[in-house]
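Read through the structure below, which is laid out as structure tokens, and then see the notes.
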Amino acid sequence: MRNLKFAKLFTVILIGGLTLTGCGSKTTQTSSTGTTTATPKKIIIGTGNNYKPYAFLDENNKSVGYGLDLLAEVDKRLPQYEFEIQAMDFTNVLLSLQSGKIDIAAHNYAVNAERKEKYLYATQPEKPVSDISAQNKVAVLKTSTAKSIDDLKGKKVQVTPGSQNAYVLEKYNKENADKKVNLVYSNADEVTKLKSLDSGAIDAILSSSSVIDEYNKTYGDKYKAIGESLYTGSVYYIYNKSETQLQQDVDKVLKEIIADGVENELLKKWNYK
């Protein structure tokens, strides 16, 4: 098993590193016949640090989650590359990709027109479209009388700048001028966001069904999803448009990981629906 390296970032500043050591590493080696194996190309992957169960910091401040386990499996099957993971605030992931600081953005990215203009999407999803985690709904307190987003006219709905949720609700406001919600943009962490919802500082958030379930398990059974899914779709890795070979190589092993059942094992491990 090869190393998967982690470097933790907060905002855009690298403040430390952690290497997860396996049984070996990807290095230049010379065989008994004198054949030299090339040193693997380092691939920097940006992901988040506050999105359970995909990528988050555990009680020991260690980066864990379904997304990281999946990347480790991809790395293991691509000897020509060596992955280094950089965990950072969500809003910095695509900024880092755009500036060339990372090679792959991995954070449950749905497809939207603005991103497609700038970046190269994978063709193989990280997770199948049938998963309920792809169904993103409005979440409110269980004491709320709202039954759908249409009942939230003028209410405060918090979103992360640059996120798919922000994109979807901005589009909703344009298409429903008489039912606009009041978008509150914030990079607040999970705990702060839910405290704002609990206190009434905001009225709703938008999240996947599996994440809402996770909130109820972790913070008390007090949140509910309402209405129809505002968008449903698979999620993908994102690359700079020049990285076609890397995209094809990763897509190939992702298909293998799905076909041989490893992806399903990881989904079960993290209770990622």
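Key figures for this structure:
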| item | result |
| --- | --- |
| Residue that is farthest from the chain's Cα centre (by Cα) [pool: residues in segment 242-270 that are surrounded by 13 or more Cβ atoms within 10 Å (Cβ to Cβ) and not in a helix (DSSP H, G or I)] | GLU243 |
| Among (1) of a type outside the set (Lys, Arg); (2) in the same structural domain as GLN164 (by TED's automatic domain parsing); (3) within 20 Å of SER229 (Cβ to Cβ) - the single one ALA113 does not satisfy | (2) |
| Any chance TYR185 is within 20 Å of the chain's Cα centre (by Cα), assigned by TED's automatic domain parsing to the domain that holds ILE149 and among the aromatic types (Phe, Trp, Tyr) | yes |
| When residues of segment 65-116 are limited to those that are surrounded by fewer than 19 Cβ atoms within 10 Å (Cβ to Cβ) and among the β-branched types (Val, Ile, Thr), the one farthest from LYS42 (Cα to Cα) | VAL111 |
| Spans of strands (runs of 3 or more DSSP E) in segment 1-87 with at least 1 residues at pLDDT below 55 | 4-10, 13-20 |
| Verdict on TYR215 being surrounded by 18 or more Cβ atoms within 10 Å (Cβ to Cβ) and not charged (D, E, K, R) | yes |
| Every pair of residues 6+ apart whose Cβ atoms lie under 9 Å, when the first sits in segment 144-158 and is over 16 Å from GLU170 (Cβ atoms) and assigned by TED's automatic domain parsing to the domain that holds LYS171 while the second is part of a loop (DSSP other than H, G, I, E, B) and among the hydroxyl-bearing types (Ser, Thr, Tyr) | ASP151/SER144; ASP151/THR145 |
| Verdict on SER196 being among the polar types (S, T, N, Q), within 28 Å of GLU117 (Cβ to Cβ), surrounded by 16 or more Cβ atoms within 10 Å (Cβ to Cβ) and not assigned by TED's automatic domain parsing to the domain that holds ILE102 | no |
| Tabulated pairs, segment 178-200, first in contact (Cβ under 8 Å) with a residue 24 or more places away in the chain, second polar (S, T, N, Q) and assigned to a helix (DSSP H, G or I), C-beta under 6 angstrom, 6+ apart or interchain | LYS180/ASN173; ASN187/THR91 |
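The values are calculated or read from the model by the stated rules, or taken from the named source; none is laboratory data. Just so we're clear, the structure is a prediction, and the values are computed from it rather than from any experiment. Using ideal geometry, Cβ is built from the backbone for each residue, glycine included, and neighbour counts are taken over all protein chains shown.
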